[in-house]
Amino acid sequence: MPEKLSRRRMIAISASFTGGIFAAPQSVLARAKHVNDMRPVVWRGIALGAQAQITLDHENASSARDILERCREEISRLEGLFSLYQPKSALRKLNRNGHLANPEPEMLELISRSVEIGSETGGAFDITVQPLWRLYADHFSTLAAAKDGPSDTRIKEALRLVDYKQVDVSPQSITLKQSGMEITLNGIAQGYVTDKVAALLRRAGYTNVLVHLGETYAMGAKSSGGPWMAGIQDPSDKMDILKTIALEDLALATSGGYGTTFSSDGAHHHLFEPRTGRSTNRYRSVSVIAPDALSADALSTAFSSMHQSEIKRVVDQRKNVHAAILQTNNELLEI
C-alpha cells in the first residue's frame, strides 16, 4: 500500500533501559522508569512515509547521537529502495519498467524472501497485490462509489496481474513477467528494516535494545533484568491489553484490517485475500511472534487470510514461531 496512506507508526529504540512505552495500533510496551544516570537522546523524523522517533538511552550523549545518525541513514537508504512513494526508489523503477537490472543486495534479498514466504503460505502472502490496492483506492475515491466495493469484473481483471510466481529473481535482475504487474513491499519491508537497524546496533555493541519500526524486535533483555514486555491490544480499545508477551531476542508484529481502510464501515481495507481479490475479514487481528521481524511482519499479513489449520501448518514448520489470533467473537486463539 502507498506509504502516505499507511497507518501512522512510531519508532522507538531503547538501550540499557528498564522498559519503555510506545503507541501503535497493535501493541504497547509496559511503562517504566529510567535508572542510573542515563539520559535519553531522541531523533524524530519521517520513515517509511510516517512520523518516526528513535530514543536511545546512553551515558554519553555524543556517542548516542552518532549511532542514532547511523540508524537514520540506514533507514533512509533502505527507504530509497523499498518505498512506493519515492519516485526514484528501486521499487518504483521496477514497477514502472517491469524490470530491474543489477538490483541492490537488500532489494534482491527482500524480494527473494517475499517469494519464498509466498510459496510457504500457499500464496496468502503475495507482494504483487498492488493492482488490487490501486483498484480499491480508485473505487472509493469517488463519492458515488458502490459500498460493496469494485465489481467482480474489475476485480477479476486486477487478479490477472496478481501472482508472486510471476516474479523472476536472480542476482542479475528482477523481472515482472506480466505487463502491468506491480509490487508492494509494505507487508514485509517494515520488518526487514527493523531487523537491519537492530543488526546495526548489535554490531555497534548494544545488547539490550528495543526496536520498533512498525514491527517490534527485542534484543536481549532489559538492562535491569528480565525480558521486554509487550501487549496485544484490542483494536477497538487501545487501553485494553488482551495478552502480555515476554520478548527476548524475539519480534512481534500484528496485522488487522483496521490499520488502513478504504470504506467508511471498515469492511474494505488493505489486507487482501490474493485468491479472491477481496479484503479479508476472517479475524479482527493476527499477531505473530518470531525470531526476526521480517518473518513476524510477513506471516501476520499472510495469516490474516488463512484458515486456522493452514496457519498451524506453517507455525509447526518453523522454530520459535507462534500466532495469536483475535477472532471476530473477541476470543484470542493461540497457535
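The values are calculated or read from the model by the stated rules, or taken from the named source; none is laboratory data. Treat the numbers as computed from the prediction; the structure is a model and nothing was measured. Cβ atoms come from the backbone with ideal geometry, glycine included; neighbour counts cover every protein chain shown.
Some points to look at:
- Inclusion of Gly226 among residues that are out of contact with any Asp or Glu (no Cβ under 8 Å at 6 or more places or on another chain) and buried (at least 16 other Cβ atoms within 10 Å of the Cβ) is not warranted.
- Some residue of segment 118-140 being in a loop (DSSP other than H, G, I, E, B) and modelled with pLDDT under 95: yes
- Filtering segment 240-254 for residues that are on the phi > 0 side of the Ramachandran plot and either outside any helix (DSSP H, G or I) or under 23 Å from the mean Cα position of the chain (by Cα) (or both) leaves a non-empty set.
- Test: residue in segment 192-204 that is free of Cβ contacts under 8 Å to residues at least 12 places away in the same chain, more than 28 Å from Leu333 (Cβ to Cβ), small (Gly, Ala, Ser) and not in a loop (DSSP other than H, G, I, E, B): yes
- Unique residue being at negative phi, assigned to a loop (DSSP other than H, G, I, E, B) and surrounded by 16 or more Cβ atoms within 10 Å (Cβ to Cβ) when the list is Ala158, Ala145: Ala145
- Restricting Gln327, Gln308 to residues that are at pLDDT 95 or above and surrounded by fewer than 19 Cβ atoms within 10 Å (Cβ to Cβ) narrows the list to Gln308.
- Number of positions in segment 96-114 that are in contact with a Ser or Thr (Cβ under 9 Å, 6 or more places away or on another chain), within 16 Å of Leu84 (Cβ to Cβ) and of a type in the set (A, V, I, L, M, F, W, C): 1
Residues checked against (1) over 29 Å from His268 (Cβ atoms); (2) at pLDDT below 95:
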{"position": "Lys147", "(1), (2)": "no, yes"}
{"position": "Thr153", "(1), (2)": "no, no"}
{"position": "Ala158", "(1), (2)": "no, no"}
{"position": "Val162", "(1), (2)": "no, no"}
{"position": "Thr184", "(1), (2)": "no, no"}
{"position": "Gly187", "(1), (2)": "no, yes"}
{"position": "Gly191", "(1), (2)": "no, yes"}
{"position": "Val197", "(1), (2)": "yes, yes"}
{"position": "Tyr206", "(1), (2)": "yes, yes"}
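- Scan of segment 205-218 for residues that are over 17 Å from Leu110 (Cβ atoms) and either acidic (Asp, Glu) or in a strand (DSSP E or B) (or both), ordered by number: Val209, Leu210, Val211, His212, Thr216, Ala218
- Across segment 277-295, the qualifying residues are those that are crowded, with 24+ Cβ neighbours inside 10 Å and touching a helix residue (DSSP H, G or I) at 6+ places or on another chain (Cβ under 6 Å), and the one among them that is nearest to Arg202 (Cα to Cα) is Ala293.
- Pairs meeting the criteria (first residue in segment 282-309 and under 21 Å from Asp234 (Cβ atoms), second residue among the aromatic types (Phe, Trp, Tyr), beta carbons under 7 Å, at least 6 apart or on different chains) are Val286/Phe303; Val288/Phe303; Thr301/Phe125; Ser304/Tyr283.
- Across segment 246-276, the qualifying residues are those that are out of contact with any Ser or Thr (no Cβ under 8 Å at 6 or more places or on another chain) and aliphatic (A, V, I, L, M), and the one among them that is surrounded by the most Cβ atoms within 10 Å (Cβ to Cβ) is Leu250.
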